[in-house]
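Q: One structure, as structure tokens, below. Some questions next.
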Amino acid sequence: MFIIRPRRLLGCALAAVATYLPLASAFAVQTPDSEYEEIAETFIKGYFAARPLLGTAIGLHEYDGKITDYSRLALDAELSRLKRFDDRLQKFELNKLSQRQSIDLRILQAAIRNEIFQREAMAIYERNPIVYARAADVNIYIKRNFAPLEDRVHSIVAIESQVPNILIAARTNLDPVLPKPYVELAIRVAKGSADFLRKNLVEAVAELRDERVRTEFLEANRKAAAALTDYAAWLERDKLPKATADFALGQEKFQRLLKETELVDLPPDKVLEIGLTQLRKEQKAFADAAKRIDSNKSAVEVFKQMQSEHPTPESLLADIGKDLEQIRKFVVTRKLVTIPSDVRARVKETPQYRRATSFASMDTPGAFEKRATEAYYYVTPPESDWPPLQKDEWLTAFNFYSTDVVSIHEVYPGHYVQFLRLNASPVSKVEKIFGSYAFIEGWAHYCEKMMVDEGYGTVAKPTEADEKRAAKYRLAQADEAMLRLCRLCVSIKMHTQQMTVEDATKFFQDNCYYEEKPSRAEAMRGTFDPGYLNYTLGKLQILKLRDDYKVQEGANFSAQKFHNELLNHGMPPIRLLRELMLKDKSKWDEVL
């Protein structure tokens, strides 16, 4: 029999229960796990409140239309907050947490310490004017259709209206004397950003119909572009003449960078020694592959000849899309990693507003994005108005072999598969938000070598032509590896051994055979992004973990099992994956 309770009596009953709930919860015992979870949740809310553009990018749209406060007071307050949470997390005893929360806590600690390191050891707000030139990057509002265009333009207006204030804060916050490479790059970035706002951003919102919103946008956009132009002029006039070559972190800070952000407790000199050894191995692999293709030419000549084998401008996207399916099929049929979705990344031309800084890139939605969930593999074709020679030079970088290696890195089984598995995994909010540089780029870079080692580009009964084709894939893979190894070596040498930008440029030219202009661009990046050594550092850590895991599993080992397990735990420092995947505790610290 069903009894219908009078609404008034039901309300009284609920009120009575509510009266006793606070009393009951007051006597509830909070476990270390639940205490940690509470602190982590509080930290995350404050983290995005201080970095709202990042919140929008990750798919948390309550932060739309907001931007970081770069005033001295706000920056100091956020640093104090980071330190308070670092202190609170240090009070937890790891052995009293579950294994999952013990790992989670250390991922959060690494993220917090990375932020503190950038603010204190690298003094990014006092020494790096690039930070302010990039502060109002509104690309996320254009590249992802997560709300009606009018709403997204409203957000852009709100952000652009703050650009003049950000650049006023820059003049207050920056030191009197700055590193010259930072100033030179900041001038270029500020001018490029102003140009982007005036041209590309206006074109990107061309379909906007609301005239009132359009008027607001054009006014805010004009003022933001003018402020960036004035900032570039100020840097050129006031900062560049007295800038110095002093950008290096030094030995002690560089070791902290490795230990606190990637949990690699090795001296930089040891990491450099490993890197130089690997560089020589890759140079030999490059030379050996070239010899198999044409023994009468130098390795560099063979590589340049290989680059002439490329698509036409008209066939570029179709050829890349076709090869991408072949790469995916290879991953699936060889059972190298389980791809948890049949949804393909869409191959598209890079939008015009991103072409100045993007050659080929994977654009995946944020981990919490529920609306604009498409994933794009962007490819930048030559411009239609370029002369034929310039088009051909551009397309050499899209030669069939190098392009497949890049597609492996960006899509299958690299960044895109890592994103799919992250989305499909039951990992915590911390694990979905905070990622290790070495894990993210190390995985994608590792995939390049792994796929060629597994036989991508080879056939069962090869002819001489087939063997040469396979050698071209090895040549392309070794070329990518040499570049990343040069980054590792240059990063350590510039920041701990007084290597100059000029010396670093020559190192790239001599050791990965780049021309002067791209070599200098790589050297300049290393001055403000010492962490770009993590492409190789992460790859080497994954290779070491795979070797140890293979010994542990014996006959039960498979590439698929290893890769699935590796991608099941978010994006943590690889040292923590050793703890999750290896039973022998004595091996946990053997990261390289």
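The values are calculated or read from the model by the stated rules, or taken from the named source; none is laboratory data. Computed from a prediction, not measured in an experiment: that's the story for all the values here. Glycine gets a Cβ as well: all are built from the backbone with ideal geometry, and neighbour counts include every protein chain shown.
Q: Report, by residue number, each residue of the range 377-416 that is among the aromatic types (Phe, Trp, Tyr), in a loop (DSSP other than H, G, I, E, B) and crowded, with 24+ Cβ neighbours inside 10 Å. Explain how you work it out, then say what you get.
A: If we filter the range 377-416 for residues that are among the aromatic types (Phe, Trp, Tyr), which is where we start, we get 377-378, 386, 394, 398, 400-401, 412, 416.
After this cut, where a residue has to be in a loop (DSSP other than H, G, I, E, B) as well, the list is 386, 398, 412.
Across the range 377-416, the qualifying residue is only Tyr412.
Q: Residue under question is Asp584, and the condition is that it be outside the structural domain of Gln99 (by TED's automatic domain parsing), under 25 Å from Thr277 (Cβ atoms), of a type in the set (Asp, Glu) and out of contact with any Phe, Trp or Tyr (no Cβ under 6 Å at 6 or more places or on another chain); does it hold?
A: Details: outside the structural domain of Gln99 (by TED's automatic domain parsing): yes; under 25 Å from Thr277 (Cβ atoms): no; of a type in the set (Asp, Glu): yes; out of contact with any Phe, Trp or Tyr (no Cβ under 6 Å at 6 or more places or on another chain): yes.
So Asp584 fails the test.
Q: Yes or no: Glu126 out of contact with any strand residue (DSSP E or B) (no Cβ under 9 Å at 6 or more places or on another chain) and over 27 Å from Ile574 (Cα atoms)?
A: Yes.
Q: Just for the range 271-315: of the residues that are among the acidic types (Asp, Glu) and in a helix (DSSP H, G or I), which one is surrounded by the most Cβ atoms within 10 Å (Cβ to Cβ)? Talk me through it step by step, then tell me what you get.
A: The initial filter retains those residues of the range 271-315 that are among the acidic types (Asp, Glu), namely 273, 282, 288, 294, 301, 309, 314.
Now drop any that are not in a helix (DSSP H, G or I), which leaves 273, 282, 288, 301.
Numbers: Glu273: 14, Glu282: 23, Asp288: 14, Glu301: 12.
Among them, the one singled out is Glu282.
Q: Now a separate question. Right, Val138: surrounded by 20 or more Cβ atoms within 10 Å (Cβ to Cβ) and either without any contact (Cβ under 8 Å) to a residue 60 or more places away in the chain or within 26 Å of Ala40 (Cα to Cα) (or both) or not? Give the derivation first.
A: Working: surrounded by 20 or more Cβ atoms within 10 Å (Cβ to Cβ): yes; either without any contact (Cβ under 8 Å) to a residue 60 or more places away in the chain or within 26 Å of Ala40 (Cα to Cα) (or both): no.
Spelling it out, it is not the case that Val138 is surrounded by 20 or more Cβ atoms within 10 Å (Cβ to Cβ) and either without any contact (Cβ under 8 Å) to a residue 60 or more places away in the chain or within 26 Å of Ala40 (Cα to Cα) (or both).
Q: Restricting attention to the range 508-524, which residues are free of Cβ contacts under 8 Å to residues at least 24 places away in the same chain and surrounded by fewer than 21 Cβ atoms within 10 Å (Cβ to Cβ)?
A: Gln509, Asp510, Glu515, Glu516, Lys517, Pro518, Arg520, Ala521
Q: Of all residues in the range 227-250, how many are of a type in the set (Gly, Ala, Ser), surrounded by fewer than 16 Cβ atoms within 10 Å (Cβ to Cβ) and assigned to a helix (DSSP H, G or I)? It would help to see each step written out before you state the result.
A: Of all residues in the range 227-250, those of a type in the set (Gly, Ala, Ser) come to 227, 232-233, 243, 245, 248, 250.
Those still in the list that are surrounded by fewer than 16 Cβ atoms within 10 Å (Cβ to Cβ) too: 233, 245, 250.
Going one step further and asking which of them are assigned to a helix (DSSP H, G or I), we end up with 233.
Summing the residues that are of a type in the set (Gly, Ala, Ser), surrounded by fewer than 16 Cβ atoms within 10 Å (Cβ to Cβ) and assigned to a helix (DSSP H, G or I) in the range 227-250 gives 1.
Conditions (1) at pLDDT below 95; (2) farther than 30 Å from Ser98 by Cβ; (3) out of contact with any Leu (no Cβ under 7 Å at 6 or more places or on another chain); (4) part of a loop (DSSP other than H, G, I, E, B), marked per residue:
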{"position": "Gly11", "(1), (2), (3), (4)": "yes, yes, yes, no"}
{"position": "Leu14", "(1), (2), (3), (4)": "yes, yes, yes, no"}
{"position": "Thr19", "(1), (2), (3), (4)": "yes, yes, yes, no"}
{"position": "Ala40", "(1), (2), (3), (4)": "no, no, no, no"}
{"position": "Ala49", "(1), (2), (3), (4)": "no, no, yes, no"}
{"position": "Gly55", "(1), (2), (3), (4)": "no, no, yes, no"}
{"position": "Lys66", "(1), (2), (3), (4)": "no, yes, yes, yes"}
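Q: Of a type in the set (Lys, Arg), in a helix (DSSP H, G or I) and either within 24 Å of the chain's Cα centre (by Cα) or assigned by TED's automatic domain parsing to the domain that holds Ser436 (or both): which single residue out of Arg256, Arg171 fits that description?
A: On the way: Arg171 fails: either within 24 Å of the chain's Cα centre (by Cα) or assigned by TED's automatic domain parsing to the domain that holds Ser436 (or both).
Matching residue, one of Arg256, Arg171: Arg256.
Q: Could you tell me whether Tyr141 is in contact with a helix residue (DSSP H, G or I) (Cβ under 6 Å, 6 or more places away or on another chain), within 29 Å of Glu374 (Cα to Cα) and aromatic (Phe, Trp, Tyr)?
A: On the way: in contact with a helix residue (DSSP H, G or I) (Cβ under 6 Å, 6 or more places away or on another chain): yes; within 29 Å of Glu374 (Cα to Cα): yes; aromatic (Phe, Trp, Tyr): yes.
Taking the combined requirement at face value, the residue satisfies it.
Q: Sticking with this one: Could you check the range 316-342 and list, in sequence order, the residues that are touching a helix residue (DSSP H, G or I) at 6+ places or on another chain (Cβ under 8 Å) and outside any loop (DSSP other than H, G, I, E, B)?
A: Leu316, Asp319, Ile320, Asp323, Leu324, Ile327, Phe330, Val331
Q: Return yes or no: is Arg72 modelled with pLDDT of 95 or more and more than 24 Å from Ala367 (Cα to Cα)?
A: Working: modelled with pLDDT of 95 or more: yes; more than 24 Å from Ala367 (Cα to Cα): yes.
Yes, satisfied.
Each row is one residue, and each column tells you yes or no for (1) closer than 30 Å to Asn139 by Cα; (2) in contact with a helix residue (DSSP H, G or I) (Cβ under 6 Å, 6 or more places away or on another chain); (3) assigned by TED's automatic domain parsing to the domain that holds Leu485.
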| site | (1), (2), (3) |
| --- | --- |
| Arg222 | yes, no, no |
| Asp246 | no, no, no |
| Leu249 | no, yes, no |
| Glu262 | yes, yes, yes |
| Ala285 | no, yes, yes |
| Asp288 | no, no, yes |
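Q: Does the range 506-515 contain at least one residue that is at pLDDT 95 or above, of a type in the set (Lys, Arg) and more than 20 Å from Lys561 (Cβ to Cβ)?
A: Yes - at least one qualifying residue is present in the range 506-515.
Q: Could you list, ordered by first residue, the pairs with Cβ atoms under 7 Å in which the first is in the range 259-275 and without any contact (Cβ under 8 Å) to a residue 24 or more places away in the chain and the second is surrounded by 14 or more Cβ atoms within 10 Å (Cβ to Cβ) and among the charged types (D, E, K, R), at least 6 apart or interchain?
A: As it stands, the answer is none, since no pair meets every condition given.
Q: Turning to a different aspect of this structure: Please specify each residue of the range 316-356 satisfying the condition of being β-branched (Val, Ile, Thr) and surrounded by 13 or more Cβ atoms within 10 Å (Cβ to Cβ). Step through it out loud before you land on a result.
A: Looking only at the range 316-356, we keep the residues that are β-branched (Val, Ile, Thr), and these are 320, 327, 331-333, 337-339, 343, 347, 350.
Ile320, Ile327, Val331, Val332, Val337, Thr338, Ile339, Val347, Thr350, listed by residue number.
Q: Here's a follow-up. Quick one: how many residues across the range 525-542 are of a type in the set (D, E, K, R) and surrounded by 20 or more Cβ atoms within 10 Å (Cβ to Cβ)?
A: Filtering the range 525-542 down to residues of a type in the set (D, E, K, R) leaves 525, 529, 539.
Checking which are surrounded by 20 or more Cβ atoms within 10 Å (Cβ to Cβ) leaves us with 539.
Of the residues in the range 525-542, 1 are of a type in the set (D, E, K, R) and surrounded by 20 or more Cβ atoms within 10 Å (Cβ to Cβ).
Q: Taking the range 101-135, which residues are over 25 Å from Glu252 (Cβ atoms) and without any contact (Cβ under 8 Å) to a residue 40 or more places away in the chain?
A: Correct list: Ser102 only.
Q: Being among the basic types (Lys, Arg) and closer than 16 Å to Val302 by Cβ is the filter; apply it to the range 469-487 and report the residue that is surrounded by the fewest Cβ atoms within 10 Å (Cβ to Cβ).
A: Arg469
Q: In the range 577-592, how many residues are in a helix (DSSP H, G or I) and over 19 Å from Phe439 (Cβ atoms)?
A: First, pick out the residues of the range 577-592 that are in a helix (DSSP H, G or I): 577-581, 585-587.
Filter once more, keeping what is over 19 Å from Phe439 (Cβ atoms): 585-586.
Selection size over the range 577-592: 2.
Q: Among the residues of the range 87-141, count how many are touching a Phe, Trp or Tyr at 6+ places or on another chain (Cβ under 8 Å) and assigned to a loop (DSSP other than H, G, I, E, B).
A: The qualifying residues number 5.
Q: Of all residues in the range 550-576, how many are assigned to a loop (DSSP other than H, G, I, E, B), more than 18 Å from Gln418 (Cβ to Cβ) and either touching a residue at least 60 places away in the same chain (Cβ under 8 Å) or of a type in the set (Gly, Ala, Ser) (or both)? I'd like the intermediate steps shown before the answer.
A: In the first step, residues of the range 550-576 are kept if they are assigned to a loop (DSSP other than H, G, I, E, B); the result is 557-558, 567-573.
In the following step, the residues that additionally are more than 18 Å from Gln418 (Cβ to Cβ) were identified as 557-558.
Keeping just the survivors that are either touching a residue at least 60 places away in the same chain (Cβ under 8 Å) or of a type in the set (Gly, Ala, Ser) (or both) gives 558.
Adding up the residues that qualify gives 1.
Q: What number of residues within the range 233-264 are β-branched (Val, Ile, Thr) and more than 19 Å from Met524 (Cβ to Cβ)?
A: Of all residues in the range 233-264, those β-branched (Val, Ile, Thr) come to 244, 261, 264.
Filter again for more than 19 Å from Met524 (Cβ to Cβ), leaving 261, 264.
Summing the residues that are β-branched (Val, Ile, Thr) and more than 19 Å from Met524 (Cβ to Cβ) in the range 233-264 gives 2.
Q: Another question, then. Among what's in the range 144-165 and is touching a helix residue (DSSP H, G or I) at 6+ places or on another chain (Cβ under 9 Å) and not in a helix (DSSP H, G or I), pick the residue that is surrounded by the fewest Cβ atoms within 10 Å (Cβ to Cβ).
A: Checked the range 144-165; the qualifying residue surrounded by the fewest Cβ atoms within 10 Å (Cβ to Cβ) is Asn145.
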